[in-house]
Amino acid sequence: MKWCHVRDVLDFNRHRGFFIDGAGDGVKFSMFSSAGRALLLLLLLLLDCAADRSTERNYEYTKYHPMPEISAWMQQMVEENPGLVSSEVYGTTYERRDIMFLKIGVDQDGVQKKAIWMDCGIHAREWIAPAFCQWFVKEMLLRYKTDKKVGEMLNNLDFYVTPVLNVDGYMYTWINESTRLWRKSRSSPPESCSCPGVDLNRNFYANWGMIGVSRNCCDNTYCGAKALSEPEARAVTEFVGNRSGEILCYLTIHSAGQLLLMPYGHPQIWAPNYDELMRVGQAAVRAMGSVHGMEYRVGTSPDLLYPNSGSSRDWARLIGIPFSYTFELRDKGQFGHKLPEDQIQPACEEAFEGARVIITYVHDKAFHNRTDIGAAGMAAALWTSMLASCLTTMLLV
Amino acid sequence: AHTVLYITGLQFVLKLTPHTPAASPSVPGQEDIQAAMPVEELDPSHYPATRAAKVAEHFINTRYGSPFAWFGSSGVKKAGLEDMGVLGTKYHIEFTLKEMTRNQDMGLCSAEVLFHRADERKPPQVQCTCSGAFQVNTSAEEEDLYQRLRNATSLLSGSDIPNSVGHIDPEMAPFWHLGGVASSFIMLRESNESTLLNMAHIDNFTQMETKDAQLMFQYDILLHDMVSQEILKWKLLLSWSPDGGVKVLEAEWDPKCQAIPTSSILY
């Protein structure tokens, strides 16, 4: 029998004026008035909790999932969270598969809200990225009721989360060991060349083809025959491009390297808000490091890693989205893209804290005109989040 | 003055040649005029320092790596660049070292990594000093593994390490580390200022018959270069024994395995 976590039961009963004496690993209670009705209501609640099949609690977030399971999970998230989660197909891959996001946020009667975009799995082999998108959705939904800040953000903002952008590539990496390290899309090669696939993160209309790319279709940084040759890149460009006024922040998730990359990929082109991006980025990597002691670095791609062009992060900044970051999650080379499943949880926990710092800053700047990242504020946020995460990940079977 | 190098298990003590700090002036007329060249300070979190540290990592593994000792840098603390003119570019770096099989902090290392001029196509030259306490003694495990393999009735083999979800069978872990150490010989040789090489995957490995004290293995390995994002397929023949350490006897790069047309690798 599954129990609800203690906070749920306590909150429910507090609202209804019952006195409940709660313990950490169970609920002992003594009632004062209307004992019969109170007891009945409480029993009904517990039975309901006992039958809790909510996907955000029961899905295995610490395992890698093939695409059909991720699609089913997305479906369930929508069904189980009406008014909070919806989904939309916003494009089609080369092999004609749906590209879908989950839209997380309190539905304000169809009003167009400001939003934050997150996509994962633009590179097929970077499995920790789709795992993180799923983890992120789970965390936001679990904290919606328990974390005041998350609740506020879900009221004011919508979060567009695409768990797998490069669906064709991701499915290809699941075939067998020899396909596991595929990176690109799965489009057919151009006439003069023989290898399939384009590096989607070199295919965007952002200084396309200039630097950090290959013109050889067999290479892993092949930028395509032209900008936006790939339907996956076009899907993001169209959807995000049409909403660039509303989208405050663009986050794209990758592995590996433990880095937070800022625009631009060209060594001599600087974002106008470089200082602000750096300040927020530094707070984010500090938060990430504080979870499990892993070193993350923040900076532009040409400084930390290599120059590149045609990236989605660069394109987002170029069309005016002020905050645009690439997350490069664990690790630094020991396992690389084949991060063991027992590292999914710690990797996601630290990535969530980094994303939270950025999202909170972006939200507070837009809605409270606040641009300070106080150490006290961050510590409080960290404490609340750890406490909430402690309570909400209790699953007693 | 030179100081002698002692190697016992993992306890490597001192330098190979004197470390010339940037600030100290050299006597003109002597052969190391290079010491007078200015050392430009580098941001330790930026890629030039990171790539140089990776090369130093490979160097350390070729000298001191084993199935139970696999080293990695856990962060560059200080970095400097010295333009050596016709000789190339020399990086002076200080970084923290970690023994990865036990996730053990090994303290600070300082290294000089010389990248020759690109047109010379010579592998980088490394000098390295590590300080700190080395309490790791792996001779027991090494001896145990060595004897087990020597006395086994059949030859050992393995494949697909790690598997798709990053899992490595505990039995196979020493061979994953051994592959990493052997790969370091190749990665050290293939490194330049525009590479950041790591071993990504062991397709398979097979123990070979030997007549001498060394154990011999054939490895099919995939390396990953972070800068070009390419996967490089190498075939290695390596030997190992607790006394002899790891040596690469033969190495072959398979260029045909760049494209994966349908679902199988073409040989």
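Look through the stretch A:204-231, keep the residues that are at the interface with another protein chain (Cβ under 10 Å from one of its Cβ atoms) and of a type in the set (A, V, I, L, M, F, W, C), and return whichever of them is least open to solvent (accessible area, probe 1.4 Å).
Per the criteria, the residue is A:CYS217.
I'd like the full set of residues that are in a helix (DSSP H, G or I) and either open to solvent by less than 10 Å² (accessible area, probe 1.4 Å) or charged (D, E, K, R) (or both), limited to the stretch A:304-331.
Passing the criteria: A:LEU304, A:SER312, A:ARG313, A:ASP314, A:ALA316, A:ARG317.
For every residue, the table says whether it meets (1) under 22 Å from B:TYR219 (Cα atoms); (2) of a type in the set (Val, Ile, Thr); (3) touching a residue at least 40 places away in the same chain (Cβ under 8 Å).
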| residue | (1), (2), (3) |
| --- | --- |
| B:ARG63 | yes, no, yes |
| B:SER73 | no, no, no |
| B:GLN104 | no, no, no |
| B:PRO123 | no, no, yes |
| B:ARG148 | yes, no, no |
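Name the residues in the stretch A:75-122 that are within 25 Å of A:SER311 (Cα to Cα), surrounded by fewer than 18 Cβ atoms within 10 Å (Cβ to Cβ) and acidic (Asp, Glu), would you?
Hits for the stretch A:75-122 are A:GLU88, A:GLU95, A:ASP98.
Just wondering, is there one or more residues in the stretch A:153-165 that are hydrophobic (A, V, I, L, M, F, W, C) and within 13 Å of chain B (Cβ to nearest Cβ)?
Checked the stretch A:153-165: no residue is hydrophobic (A, V, I, L, M, F, W, C) and within 13 Å of chain B (Cβ to nearest Cβ).
Within 14 Å of chain A (Cβ to nearest Cβ), touching a helix residue (DSSP H, G or I) at 6+ places or on another chain (Cβ under 9 Å) and open to solvent by less than 50 Å² (accessible area, probe 1.4 Å), is that true of B:MET172?
So B:MET172 does not fit the description; no.
Under the condition of being of a type in the set (Phe, Trp, Tyr) and in a loop (DSSP other than H, G, I, E, B), which residue from the stretch A:195-241 is nearest to A:PRO267 (Cα to Cα)?
Among those residues, the one meeting the criterion is A:TRP208.
Taking A:ASN201 and the conditions (1) of a type outside the set (A, V, I, L, M, F, W, C); (2) under 20 Å from A:SER244 (Cβ atoms); (3) more than 14 Å from every other protein chain (Cβ to nearest Cβ), which numbered condition does it fall short on, given that it satisfies the others?
That leaves (3) as the condition not met.
Against the conditions (1) closer than 30 Å to A:VAL85 by Cβ; (2) basic (Lys, Arg); (3) in contact with a Lys or Arg (Cβ under 7 Å, 6 or more places away or on another chain), where does A:ARG186 fall short? Just the number, please.
Against the list (1) closer than 30 Å to A:VAL85 by Cβ; (2) basic (Lys, Arg); (3) in contact with a Lys or Arg (Cβ under 7 Å, 6 or more places away or on another chain), A:ARG186 comes up short only on (3).
When residues of the stretch A:286-303 are filtered for being more than 21 Å from B:ASN103 (Cβ to Cβ) and part of a helix (DSSP H, G or I), how many remain?
Qualifying residue count, the stretch A:286-303: 5.
Evaluate the following for B:GLN147: is it out of contact with any Gly (no Cβ under 8 Å at 6 or more places or on another chain), open to solvent by 30 Å² or more (accessible area, probe 1.4 Å), in a helix (DSSP H, G or I) and of a type in the set (S, T, N, Q)?
So B:GLN147 fits the description; yes.
Can you give me the number of residues within the stretch A:167-185 that are within 14 Å of chain B (Cβ to nearest Cβ) and in contact (Cβ under 8 Å) with a residue 24 or more places away in the chain?
Selection size over the stretch A:167-185: 13.
Any idea how many residues of the stretch A:242-275 are on the phi < 0 side of the Ramachandran plot and either among the small types (Gly, Ala, Ser) or part of a strand (DSSP E or B) (or both)?
18
For the stretch B:150-188, enumerate the residues that are of a type in the set (Asp, Glu) and part of a loop (DSSP other than H, G, I, E, B).
If the condition is that a residue be of a type in the set (Asp, Glu) and part of a loop (DSSP other than H, G, I, E, B), then B:ASP169, B:GLU171 are the ones that fit.
Within the stretch A:169-202, how many residues are touching a Ser or Thr at 6+ places or on another chain (Cβ under 7 Å), open to solvent by less than 40 Å² (accessible area, probe 1.4 Å) and over 21 Å from A:GLY310 (Cα atoms)?
Counting residues in the stretch A:169-202 that are touching a Ser or Thr at 6+ places or on another chain (Cβ under 7 Å), open to solvent by less than 40 Å² (accessible area, probe 1.4 Å) and over 21 Å from A:GLY310 (Cα atoms) gives 5.
Return the residue satisfying two criteria in turn: it lies in the stretch B:192-238 and is away from chain A (no Cβ under 14 Å) and under 16 Å from the mean Cα position of the chain (by Cα), and of such residues it is surrounded by the most Cβ atoms within 10 Å (Cβ to Cβ).
B:LEU238
The values are calculated or read from the model by the stated rules, or taken from the named source; none is laboratory data. Bear in mind that the values here come from a model prediction, so they are computed numbers and not experimental data. So basically every Cβ, Gly included, is an ideal-geometry build from the backbone, and we count neighbours across all protein chains shown. When the accessible area is computed, the model is the full protein with side chains, heavy atoms only, and any ligands, DNA or RNA have been set aside. Shrake-Rupley method; radii C 1.70, N 1.55, O 1.52, S 1.80 Å.
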